[in-house]
């Protein structure tokens, strides 16, 4: 009697392990499926011309995505310039004042900000910037994206600062260092790697964002460096091309996606690599 | 500390370069005009503005975004664009709600065709009522007797009909529904005319391109798009029975015939369900809409001049590019009306030279 | 000393900025929704009609579309995400492979949603069309089902990583206690680990749900954009986020824009509640 029971239990155990392992491996298959299909269909259309020339009129063959590539870098770059200093400051604030009661509330606010659907951020950026200034612009797109990147930088900063042993701060105080020096010259440099990771993950995130740009940066067939005017970006281009009937545009959408995936995943992986290499 | 300062200075330099470039562009000779709206004429506008850029020695960029006629009207009302583009001319009420007087300038003529995805790409014949019933979901299979009736020689498959319509505010939808309202009482009562309709069936696509995309990918799909979208993608489209009972092929000739009517001074006229025996029944003008008074939203005289120059070019030389993309040229009498209206555009009250 | 004071003030101001920012977002949404709230009241949530032609707006089709896709995608993702959490904390002992596996999972979250949408439209939809033809229904390929599959792929990493964290936090003594009593690993899981980590795992699912709730781009490319209540799992439908993406730039009347913004407000409030609830549970759990 007991023997049968054990057999059954051992069998269930093996079954469980098989299922769990199976489902786990099945879960990473989509990653490879997506990357594989996009890369194989896209890579044959990538050449120097594709990267460095401008789009052709609707329906014509040829042309490139140079304006979208530069647009993406500019918009993301400016967004990073906005989010990084503010994000670090708030992160420092949350870490330094963590005993205060109101900090928990502000942390919830940051979490909420992170959870806002990106299309709603687009609405806000339109209401706050585009409509009053009567201008679609790359800058409004950057500001919208910084709402998304900000919580990521804040959290990374706060978390890494919380990990710094309090003895370091106490030692600095004991040596008579002023508070602002302690933060700027001791705490932040020690935290720099964690903060950098947060920044890189944030950048890779907003580089792929489309929704907030639909009513802010708007799009542009021409090459444009002026941040006060509409600007094209890679994800927006992919969206427009993919939903069109033009086979040429479909091919370009896959090619652009290949470029975007490579950029985004590389930054993402680099961020993790940096974090691992310098882990305390 | 030094590294931090250096990087700050570097960032500051980069930022100010872009801002400086941005401000400088205002004084420089390059002008960038922003237009938005209909996807109906977008292939034509894209081509025009690409040519115009070269023609003006890379000095005038006309950035046109196809967000649908509704979008064109809205963004012009918000004064966020220099011109809007729409195939649904603004209603009296819309014009009343606008912050200032708006001028309509017909830029081209096009056809809304019924395109579909069936094996062997047959050439089908439709009547207005048939189209209305298909798009209302009252006819659900391709081998329905009513479709067979009009197409006795064609082997219609036993496939479900998947309707494709616009998910955004569309002038193409307006033109299409305007026609159906005029030829089908059921459509008039149940759906009506508008840029965004309360569709009973079907999938939504964004822009003419979106609808064409759906039809292209789905066997058994049927949708309504501007002629060039079907042509450029080798998609079949049907002949439609017009008011006089003739089955008409949508092309430059039949569209122009539909437009052979007297156009009012403000150019707001619908030409669907034409009386012309050779006219294609779902033809339409497509308009550019601009403010009569160009001194708004911080615009300067140069920008206004650039816009007027563009409009004059569109009304004259640009028309030579229409036909190769299957848009008909605007008739000569409309050109004259346009000239007058364009000459009425002012800056601070004074006409622009 | 003065520099210190100035610095501290800057820090406090930055905290204040966050409060102002979020309040500003909420108030903006509310303020712009007022015309729609005044016109339709609570009926907005229950009305089936979305008709710009007659200026009658009701959000029910989109509420249902969003709830359906989010719930379905969550259900699909649960076995996978739970398996990953258990696999990474209990079964896979090799640290190196574990790290690599984890990286793969997190990379899925890093794929831009427009690219997932592209894949969904060109690779997944035709497969669904084949299935639909085989079972004899209209082969449209896009719809609630396709969107749910896409979403489930995208949200797995969120609940998986949270699940893994909480399951690894189960104290070894408790697990060892069960094993010393003769329990198999499976039984240890059932009796000790899962009950212990249940709240945290649940919070992870909650956050996944919240993510699916607000996703825009991938959904709008494969949901079919049909502003009607879906009748079956294969019907096309529409979600709140996708609706806004399609119609916002061209809402030509104040009421139309206001109704769209009210939908944005609903999105904001629901996401906020889900998020707060989920994170509160996790915070409480980890202390």
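Computed from the coordinates by the stated procedures, all read-outs in this text should not be read as laboratory data. Computed from a predicted model, the values in this text were never measured in an experiment. With ideal geometry, Cβ positions are generated from the backbone for all residues, glycine too; neighbour counts draw on all protein chains shown.
One table, with the values for the structure above:
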item: Rounded tilt (10° steps) of B:42-55 against the dominant C-alpha axis of chain B; result: 30
item: Alpha carbon centroid spacing (whole Å) that separates the range A:111-164 from the range B:148-227; result: 39
item: Average partner coverage of A:5-15, which counts Cβ from other chains inside 10 Å; result: 2
item: Shielding by partners, peptide C:252-264 (average Cβ within 10 angstrom, other chains); result: 4
item: 0 to 90° range, to nearest 10: angle between helix C:194-214 axis and chain C longest Cα axis; result: 30
item: Footprinting exposure proxy for A:195, C:19 (fewest neighbouring C-beta atoms within 10 Å first); result: C:19, A:195
item: Inter-part distance where the range A:248-274 and the range C:33-67 are each reduced to a Cα centre, Å; result: 39
item: Chain B: antiparallel DSSP beta bridges as a percent of all, rounded to 5; result: 55
item: Least to most buried among C:127, C:201 (fewest other Cβ within 10 Å first); result: C:127, C:201
item: Which of C:71, B:39 has the fewest Cβ neighbours within 10 Å, and the rest in rising order; result: C:71, B:39
item: 0 to 90° range, to nearest 10: angle between helix B:2-27 axis and chain B longest Cα axis; result: 70
item: Percent antiparallel among DSSP beta bridges (both partners in the protein assembly as shown, rounded to 5); result: 60
item: Spatial separation of Cα centroids for the range B:268-302 and the range C:175-214, in angstrom; result: 64
item: Normalised contact order of the range C:35-110, rounded percent, pairs of Cα under 8 Å and 6 or more residues apart; result: 15
item: Calculated diffusion of the range B:78-216, Stokes-Einstein form, Kirkwood radius summed over Cα pairs, 37 °C and 0.692 mPa s, µm²/s; result: 196
item: Computed over the protein assembly as shown, the ratio Rg/Rh where both radii use C-alpha atoms and Rh is Kirkwood; result: 1.00
item: Mean Cα-pair separation over length for the range C:144-249, i.e. relative contact order, pairs under 8 Å, 6 or more apart, %; result: 37
item: Average partner coverage of A:35-45, which counts Cβ from other chains inside 10 Å; result: 2
item: Percentage relative contact order, chain B, counting C-alpha pairs under 8 Å, at least six apart; result: 22
